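What follows is a set of notes on a single structure, which appears directly below.
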Amino acid sequence: MLLRVGFLLLSMLVLSACVSKSVSSSNETEQLSKKEHKIESEELRILMRELSMVVYDRQKSELDRDDLRRRYALNLADVVKELAYKVEHIPQNELGKALTDQDKAIYERYAHELYLNGEEIGRVAQKYEMEKLDGAIAKTQQSCDRCHALLRD
Amino acid sequence: MKKSALLCFFVLSIMGVQAAEDKSELDALKAQAKGLSERIDAYALRQDAEEEPAGLEDEVQKGYIVDDVAGNKAPIRQKGILEMSSADTVLSVGGRIDMQSIVSWPEGAYIAGKIPLDERGENGQLLMSARDSRLWVKTRTPTDEGLVRTLIEVDFLGTTASEATTNSHGLRLRHAYLEAAGFTVGQTNSAFNSFVTLDTIRYPLNYTLVRQPVLRYSVNERLYGVDLSFEQPETTLLDQNGTIFTPKDDVVPDVVARLRYYPSWGEGSVALLGRYITQDQATLSNGSTLSGKDATFGWGVNISGKIKLFELDDIRFDAQYGVGLGRYVAFNAFAAGSIDADGKIELQATYGGHIGYRHWWTHKLRSTLAFTYAGTDNNMENVNTADYDRVNREVYGSQLNLLWIPLPNGLVGLEYSKALRTVESGIKGDMDMVTLLVRYDF
C-alpha cells in the first residue's frame, strides 16, 4: 500500500512540475499580451475559455453541450460586435500620430471586418452549425491579428 | 451509239459507287470526329480534376476517382457513399476514449450504496478500465417546421466481460432522442438532474443522475429556459427484508418542471418533481406477493447552481429535498418509501447536497475540492431488525483533484475521494479511493 501511495504522490509531483513550467510561460504570454492591447475585453476572454471548456461538462449529452456552446457563442457574438463598435469609435488621439490617412482607412476596414465576424459567429450559432463555429472564431482571431500586425505600435 | 451508251452507264456506275464510298467515308470521319470530341471533353474533365488541390492527385493514382471516358458524368471523388435521408442533413460522429485506473482501500465503489461496511475487501486492489469510453452520432436537419436534431450515444458499461481475457464489455444505451419544435422525445437525462455538476472525476455521492424516456417541452431564451417534462415512472420501495424492490405497477408518468437561469455571474436551476407512487399486488424481494394495492403522491425539489468568482474560479452546489424522492438521488441508495405487510405505502423524506470550489492554477491546470452529504428517514418499523444493516441511512463524501489539459479536448487527472456510509443498524464503513484518469474527446 505504501508503495502505491508513494507512486501516486510521485505522479502528482511530476504533474505539478510540468504545470509550474507552463505557468511561467503562460504568465509571460499574458503579460506581454496585456501590455500590447489597447482595448481589452475580459468578457471575451472568459467566454472563449468557457466555450472551450464545454467538452469537459461530463454529464451533459452532446446536444445539451451544443445548446451550451450556442448560448456562449451568441454571447460571444454580442461581445465581439460591441468590441468592434468600440474599436471603430476609438478617439483619434489614441490611434497614434504616425498613422497616415491610408492607415486609418485600413484600420476602419478591419474594425468593420471585426463587426462582420461577430455577425457570422451569431449566425452560425443561431443555426446550430457548431462545425463552423471554430472557423468563425478563428476568422475573428485572424482579423485581430492582421490589424495588430499592421497597425500596432 | 450502243457502245457510247454502255460507256456512259459504266462511267455513271463507277461515279455512283465512288459517291457511295465517299458518303460512308464521310460518315466514318464524322464518327471519328465525334469520338475525338468526346475524348477531348473527357480529357478536359480530367484536367479539371488534376488541377484540384493537392491530395486529389494521390486519389486519382489510387483509383478513388472514377473517370467516365465518355464525359457524361462528373468524376466521383470518394471511396464510398454515405447516404442520408435528407440532402440537408448534417451528420456528426464523435465520442471519447476514457481510461481510468482506480485504487481503493478497501475495495469498493464511490457510489452511495456500494461503500464497503467492513474491512473484508482487499486493500489497494488496482482496477483499470476503458469502459467509460463513449461513442455518439448526432444529426441536424433543417425542415420547414424548424431544426430537427437527434442523438444516439452509447458507452461500454453494459454486460461485464471477463477481465482475464479480452475485456469485451457490452455496449449500453445512454441517449437516444430527438429535438424538434421545442419538444424532446426519447431517452436522455431527467430534467430533475442537477443542471450544474461538479468538475470531479467521480460523481458525488448524492448525484442526481437519472436517464430515462422523456417527453419534454422546452422554451429557451437568452437569459432563461423552462422545461416541462413527462418521464418514465419507476417506483422503488423498501420491503420487510430491507431490500429496495420495484413493484412495476406504475400508471402515471413522473412530471418535472424546471427553470434554468443564465445570468452573467453564473448559472442556476430549480426543478420540481411530482410522482404518483403505486403498487398493485407487488411481488417482494423474497418472492412473496402482496394481496392489497396502494398509491400516493411524492414530490421533490432540486436546486443547483454555479457562481463565478474572480478569474475563472467558481463555486458549484446543489441541494435536494423531497418526500418520495427515492431513485432520483444518490444512485438509488434510498427508497421512495416503505411498504408494510398489507401493501400500504409510506413515503420517506430524502435530502442531499454538495458544494465544490474549483480553482484554476493555470490555463491548463485546475482543482476542485468538494463535499457531499445525502441521507433519508427510513420507516424502519416495517423492516426486520436482522436486516437493518441492509438499509442505507446516510453518506458523506469528499473529493480533491488535480486536472490537467495536455492538449485541446484532452484531460489527465488525479483524484482522491473519501466516502463514509452509515446503515440503520448503526454500522459504519468508509473507503479511500484514488483515481487516475486519461481522457480524450474526439
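The values are calculated or read from the model by the stated rules, or taken from the named source; none is laboratory data. Predicted, not measured: the structure shown is a model, and the values here were computed from it. As a convention, Cβ positions derive from the backbone with ideal geometry for all residues, glycine included, and neighbour counts pool all protein chains shown. Just the protein is used for accessible areas: all its heavy atoms, side chains included, with ligands, DNA and RNA removed. Shrake-Rupley method; radii C 1.70, N 1.55, O 1.52, S 1.80 Å.
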Out of B:Leu273, B:Leu223, B:Leu259, report the one residue that is surrounded by fewer than 15 Cβ atoms within 10 Å (Cβ to Cβ) and either small (Gly, Ala, Ser) or within 24 Å of the chain's Cα centre (by Cα) (or both). B:Leu259
Can you spot a residue in segment B:95-104 that is within 13 Å of another protein chain (Cβ to nearest Cβ) and free of Cβ contacts under 8 Å to residues at least 60 places away in the same chain? no
Unique match (being within 14 Å of chain A (Cβ to nearest Cβ), at pLDDT 95 or above, part of a strand (DSSP E or B) and open to solvent by 60 Å² or more (accessible area, probe 1.4 Å)) among B:Leu173, B:Leu127: B:Leu173
Tell me, which strands (runs of 3 or more DSSP E) lie completely within segment B:265-350 with 3 or more residues that are touching a residue at least 12 places away in the same chain (Cβ under 8 Å) and out of contact with any helix residue (DSSP H, G or I) (no Cβ under 9 Å at 6 or more places or on another chain)? B:266-280, B:293-308, B:314-323
Return yes or no: is A:Leu150 loosely packed, with under 15 Cβ neighbours inside 10 Å and either among the hydroxyl-bearing types (Ser, Thr, Tyr) or touching a residue at least 12 places away in the same chain (Cβ under 8 Å) (or both)? yes
Condition set modelled with pLDDT under 90 and outside any helix (DSSP H, G or I), scope segment A:17-69, selection nearest to the other protein chains (Cβ to nearest Cβ): answer is A:Gln59
Segment A:83-94: number of residues that are in a helix (DSSP H, G or I) and either within 13 Å of chain B (Cβ to nearest Cβ) or free of Cβ contacts under 8 Å to residues at least 40 places away in the same chain (or both): 5
May I ask you to verify whether B:Glu52 is surrounded by 10 or more Cβ atoms within 10 Å (Cβ to Cβ), modelled with pLDDT under 75 and touching an Asp or Glu at 6+ places or on another chain (Cβ under 7 Å)? no
Of the numbered conditions (1) among the hydroxyl-bearing types (Ser, Thr, Tyr); (2) within 14 Å of chain A (Cβ to nearest Cβ); (3) more than 22 Å from A:Tyr56 (Cβ to Cβ), B:Thr368 satisfies every one except a single condition; which is it? (3)
Yes or no: A:Leu114 part of a helix (DSSP H, G or I), within 30 Å of B:Arg174 (Cβ to Cβ), in contact with a helix residue (DSSP H, G or I) (Cβ under 7 Å, 6 or more places away or on another chain) and among the aliphatic types (A, V, I, L, M)? no
Select from segment B:143-170 the residues that are open to solvent by 70 Å² or more (accessible area, probe 1.4 Å) and more than 14 Å from the chain's Cα centre (by Cα) and list them in ascending order. B:Asp144, B:Glu145, B:Thr159, B:Thr160, B:Glu163, B:Ala164, B:Thr165, B:Thr166, B:Ser168
Suppose we filter segment B:291-304 for residues that are crowded, with 21+ Cβ neighbours inside 10 Å and within 25 Å of B:Leu369 (Cα to Cα); how many remain? 2
Any idea how many residues of segment B:273-298 are in contact with a Phe, Trp or Tyr (Cβ under 7 Å, 6 or more places away or on another chain) and under 13 Å from B:Ile339 (Cα atoms)? 3
For segment A:120-133, how many residues are farther than 15 Å from A:Leu44 by Cα, part of a helix (DSSP H, G or I) and without any contact (Cβ under 8 Å) to a residue 60 or more places away in the chain? 7
I'm trying to understand the selection: among the residues of segment A:104-147, which are among the acidic types (Asp, Glu) and open to solvent by less than 40 Å² (accessible area, probe 1.4 Å)? A:Glu129
Pairs needed: first member in segment B:362-378, on the phi > 0 side of the Ramachandran plot; second member anywhere, modelled with pLDDT of 95 or more and surrounded by fewer than 18 Cβ atoms within 10 Å (Cβ to Cβ); C-beta distance under 9 Å; at least 6 residues apart or different chains. none
